[in-house]
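Encoded as structure tokens, the structure appears first; notes follow it.
The values are calculated or read from the model by the stated rules, or taken from the named source; none is laboratory data. From a predicted model like this one, the values you see are computed outputs, not experimental measurements. Counting neighbours? That spans all protein chains shown, and the Cβs are built from the backbone with ideal geometry, glycine included. Heads up: the accessible areas ignore ligands, DNA and RNA and are worked out on the full protein's heavy atoms, side chains in. Shrake-Rupley method; radii C 1.70, N 1.55, O 1.52, S 1.80 Å.
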Amino acid sequence: MVPLKGNLKTVLADKLEPQQLKQIYKTYDIVGDVAIVRVPEPHKHLSKLIAEAIMDTHREVKSVWRQVSSVSGVHRLRGLEFLLGEKTTETRYKEHGCVYKTDLRKAYFSPRLSYERLRIAKLVQRGEVVLNMFAGVGCYSISIAKHSQPLKVYSVDVNSSAVKYLRENIRLNRVADVVVPIQGDAKRVTEQQLQNVADRVLLPLPERAYEYLDYAMLALKPAGGCIHFYGFEYANNKENAVKKAETKVSEKLRRLCRAFQVEFGRIVRPIGPRWYQVVLDIHVKT
Ligand SMILES: C[S@@+](CC[C@H](N)C(=O)[O-])C[C@H]1O[C@@H](n2cnc3c(N)ncnc32)[C@H](O)[C@@H]1O
């Protein structure tokens, strides 16, 4: 989300009518040299003007795309429509000393999770085995490998394009001795290859993490470990959103009959009106 050099409305103030200004979104994403803007359908005709304003303001931006559908489908992709500049969505993005190559049309990517990725990376202890069940192009996994000293970070994703970039990012960041890319469904991969191996499991797929909790438990070592659960919750305020997620997850974990404690919970980001992305850090005991 970029309100860096003045937000979009300020940038466009002398080009649009005040009424038009009110109806466009204030912020946009910049991933490497690609900008993604959301322009509501009735104001679609302003898209090119907006794209020009972004390119004028951000000299590093080579290409501007309009987001035409929200993140959806198994691979969590968003629909993008070309607006201006070079017609490519492949780019490189730098974050906390790591570099990620990705194609925004072929693999999920969000610059908005930067703080959360570093938060998790810093929790990892030396020598840990980590399982990232929904690794995408590797942002969490590579950040962990770079900022902590894990033994292995098994990194699973079902999207072959995401795994292609994951492999490339492992090479670019020189973490091939630690990060292990695996293409496939996280349930199947866990059952077949990764039972009782992990000290820590990440579930960064908020739409389906609840369903995969059983498999996260299966992956943990018998001595226990930590699960980072991501979910979406509707609630009238942030505190209640965290509480709702905690209640739901706790009920399921009790049914799975292992001792646990939800050690921390927070809002990762608001998604819409009274709708939040939540993370819970869960300590599972023996
Ligand atoms: C919300 S994205 C998160 C990606 C990455 N952790 C990040 O933050 O950039 C979720 C990822 O889960 C993958 N995915 C969806 N269903 C899956 C499954 N059953 N097994 C493994 N990966 C899956 C998608 O392809 C997508 O890359």
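What number of residues within region 8-23 are assigned to a loop (DSSP other than H, G, I, E, B) and open to solvent by less than 40 Å² (accessible area, probe 1.4 Å)?
Going through region 8-23 one residue at a time, the tally reaches 1.
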How many residues of region 98-122 are surrounded by fewer than 16 Cβ atoms within 10 Å (Cβ to Cβ) and either without any contact (Cβ under 8 Å) to a residue 24 or more places away in the chain or under 19 Å from ILE267 (Cα atoms) (or both)? The answer is 4
Could you please give the count of residues in region 222-275 that are open to solvent by less than 70 Å² (accessible area, probe 1.4 Å) and under 24 Å from GLN195 (Cα atoms)? 17
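Could you please let me know if ARG76 is more than 18 Å from the chain's Cα centre (by Cα) and surrounded by 15 or more Cβ atoms within 10 Å (Cβ to Cβ)? Full working, then the answer.
Working: more than 18 Å from the chain's Cα centre (by Cα): no; surrounded by 15 or more Cβ atoms within 10 Å (Cβ to Cβ): yes.
No.
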So for region 24-43 (the condition being open to solvent by less than 20 Å² (accessible area, probe 1.4 Å), acidic (Asp, Glu) and not assigned by TED's automatic domain parsing to the domain that holds SER160), does at least one residue qualify? yes
Would you be able to tell me the number of residues in region 229-286 that are within 16 Å of ALA209 (Cα to Cα) and modelled with pLDDT under 90? 1
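Inspect all residues belonging to region 180-203 and state whether any of them is open to solvent by 60 Å² or more (accessible area, probe 1.4 Å) and under 17 Å from ILE142 (Cβ atoms).
The first filter runs over region 180-203 and keeps only residues open to solvent by 60 Å² or more (accessible area, probe 1.4 Å), leaving 183, 188, 191-193, 195-196.
So of that shortlist, the ones also under 17 Å from ILE142 (Cβ atoms) come out as 183.
The answer is yes, given that some residue of region 180-203 is open to solvent by 60 Å² or more (accessible area, probe 1.4 Å) and under 17 Å from ILE142 (Cβ atoms).
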Pairs returned, first residue in region 65-77 that is of a type in the set (Ser, Thr, Tyr), second residue that is open to solvent by less than 50 Å² (accessible area, probe 1.4 Å) and within 15 Å of the ligand (Cβ to nearest atom), beta-carbon separation under 7 angstrom, 6 or more apart or interchain, are SER69/ARG78; SER70/ARG78
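Only one residue in LEU205, LEU166, LEU131, LEU213 is more than 12 Å from the ligand (Cβ to nearest atom) and assigned by TED's automatic domain parsing to the domain that holds ARG258, so which one is that? It would help to see each step written out before you state the result.
Working: LEU205 fails: more than 12 Å from the ligand (Cβ to nearest atom); LEU166 fails: more than 12 Å from the ligand (Cβ to nearest atom); LEU131 fails: more than 12 Å from the ligand (Cβ to nearest atom).
Going through LEU205, LEU166, LEU131, LEU213 in turn, just one is more than 12 Å from the ligand (Cβ to nearest atom) and assigned by TED's automatic domain parsing to the domain that holds ARG258: LEU213.
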Here are VAL175, VAL153: which of them is more than 14 Å from the ligand (Cβ to nearest atom), open to solvent by less than 50 Å² (accessible area, probe 1.4 Å) and hydrophobic (A, V, I, L, M, F, W, C)? VAL175
Return the total of residues in region 26-47 being within 11 Å of LEU104 (Cα to Cα) and without any contact (Cβ under 8 Å) to a residue 40 or more places away in the chain. 1
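Looking only at residues that are among the aliphatic types (A, V, I, L, M) and outside any helix (DSSP H, G or I) in region 198-228, which one is nearest to the chain's Cα centre (by Cα)? Walk me through it before giving the result.
Of the residues in region 198-228, the ones among the aliphatic types (A, V, I, L, M) are 198, 201-203, 205, 209, 213, 216-220, 223, 227.
Going one step further and asking which of them are outside any helix (DSSP H, G or I), we end up with 198, 201-203, 205, 220, 223, 227.
Working: ALA198: 21, VAL201: 15, LEU202: 11, LEU203: 10, LEU205: 8, LEU220: 22, ALA223: 29, ILE227: 16 Å.
Applying the filter and picking the extreme gives LEU205.
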